[in-house]
1. Hey, what does the equivalent ellipsoid look like for segment 54-203, semi-axes from the Cα gyration tensor as sqrt of 5 times each eigenvalue, largest first, whole Å?
2. Of the residues 81, 219, 105, which exhibits the maximal mean-square fluctuation in a Gaussian network model of the chain defined by a 10 Å Cα contact cut-off?
3. From the gyration tensor of the Cα coordinates in the chain, what semi-axes in whole Å does the equivalent ellipsoid have, largest first, with each one equal to sqrt(5λ)?
4. If you take the charge dipole of segment 63-115 about its Cα centre, with +1 on Lys and Arg Cβ and -1 on Asp and Glu Cβ, which of 94, 66, 114 is farthest toward its positive end?
5. Rounded, prolate or oblate: which fits segment 198-312 when a ≥ b ≥ c are the square roots of the eigenvalues of the alpha-carbon gyration tensor, with rounded for a/c under 1.5 and prolate only if a/b beats b/c?
6. Given a 1.4 Å probe and every protein chain left where it sits, what share in percent of the accessible area of the chain is carbon and sulfur?
7. List the extent of the Cα atoms of segment 112-271 along each of their three principal axes, largest first, rounded to whole Å.
8. Restricting to Cα pairs below 8 Å that are 6+ residues apart, what does the relative contact order work out to for the chain? Please round to a whole percent.
Amino acid sequence: MNWPALMLSAVLLATPVAAQQMGDPSFRPVVASPAYSGEGPMIQLDAAHGSVQTLEGRYAGFAALVRADGYRIRAGEQPLDAAGALDGVDVLVISNAVRPAREGDPSAFTDSEIEALDRWVRGGGSLLLAVDHAPYGSANETLGRVLGIGMGKGYAFRLEDGQATSQLRFSTEAGTLGRHPILNGRNPDETIRRVLSFTGQSLTGPAQATVLMALEPTDHEAADAPTLREINRRLRGGEAPETVLAEEARPALQAQGLAFDHGRGRVVVLGEAGMLTAQIIRSGDPSREDFAFGLQTSGHDDQQFALNVLHWLSRLEGLE
């Protein structure tokens with residue numbers, strides 16, 4: 001089901017204690033023309049830094065999609081600087097790493113891991129880094145800085161119908177999708193025209209980066225979920241939007257999706273992780289329907305966008 005933006009944002013920001021957020025077990029992706037037959041490239045989903053985005057859980061939909069396209073996928077349970085941790089990996093996916101690597105430092109990665117990852121990418125590896133709303137920006141900020149990425153570290157939002165929504169739409173019509181092989185695809189059937197994200201942060205990138213998903217000049221970022229709820233409370237109370245935004249928010253950074261070369265390697269950074277998943281929120285109340293968000297919802301090209309990202313990162317012929 002495709003829930004209105006304001007409703008879905010409210011659910012994601014204020015999920016009741018009894019509710020359960022999980023991968024959608026009914027999601028069965030179909031890829032009409034798989035990119036690979038036989039033994040495709042290996043995708044490794046990082047599982048060593050406390051992320052809830054696991055192959056068996058919230059990223060099960062992503063895993064099903066990439067397998068349908070001919071990729072292999074596995075969990076990476078070793079630290080990134082461990083011997084052999086990245087052997088045989090064609091695309092490394094890190095999504096919402098969060099567990100602090102050491103006491104007193106919010107970074108999910110040690111300096112040694114960051115150095116190892118930077119060296120691997122510069123040597124020709126490919127990285128898909130998805131970093132959501134707070135607290136994930138703080139946990140990935142040090143890694144991002146090495147890659148030339150700045151993170152807003154809050155909740156990116158825009159005003160729609162007098163309220164703040166963190167479910168953001170990007171389109172060719174609005175001029176918020178850039179020019180890049182990822183967005184072009186290999187043929188017109190793979191061209192990306194509409195992308196939808198579900199509650200994330202804003203980003204800036206290095207000079208060589210292409211903005212895939214551009215935020216609008218009027219978009220803002222709230223420091224945390226309580227602040228975003230307070231913004232909507234004040235807006236519902238009739239306060240002037242310019243006053244509320246000036247007091248409770250800051251301008252968003254330029255993008256929510258970036259692609260760039262890093263040495264001989266390639267990097268895609270997304271400020272939102274849910275768009276790569278198929279998830280539901282079960283309220284715990286039998287009288288209420290599940291809320292669905294991610295790849296299985298309609299009105300966007302997120303499934304093809306996810307595949308195109310991986311096609312570019314795995315250097316698929318025809319998408320260079």
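1. With the √(5λ) rule applied to segment 54-203, the semi-axes are 28, 22, 15 Å.
2. Of the options given, 105 has the highest mean-square fluctuation.
3. On the way: eigenvalues 173, 98, 83 Å².
Value: 29, 22, 20 Å, ordered largest first.
4. Farthest along the dipole direction, towards plus: 66.
5. oblate
6. Looking at the chain in its full context, I get 48 percent from C and S.
7. 54, 42, 21
8. On the way: 715 pairs, mean separation 72.9, N = 320.
Rounded, it is 23 percent for the chain.
The values are calculated or read from the model by the stated rules, or taken from the named source; none is laboratory data. Remember, it's a predicted structure, so these values are computed and weren't measured experimentally. Counting neighbours? That spans all protein chains shown, and the Cβs are built from the backbone with ideal geometry, glycine included. Please note that ligands, DNA and RNA were not included when accessible areas were found on the heavy atoms of the full protein model with its side chains. Shrake-Rupley method; radii C 1.70, N 1.55, O 1.52, S 1.80 Å.
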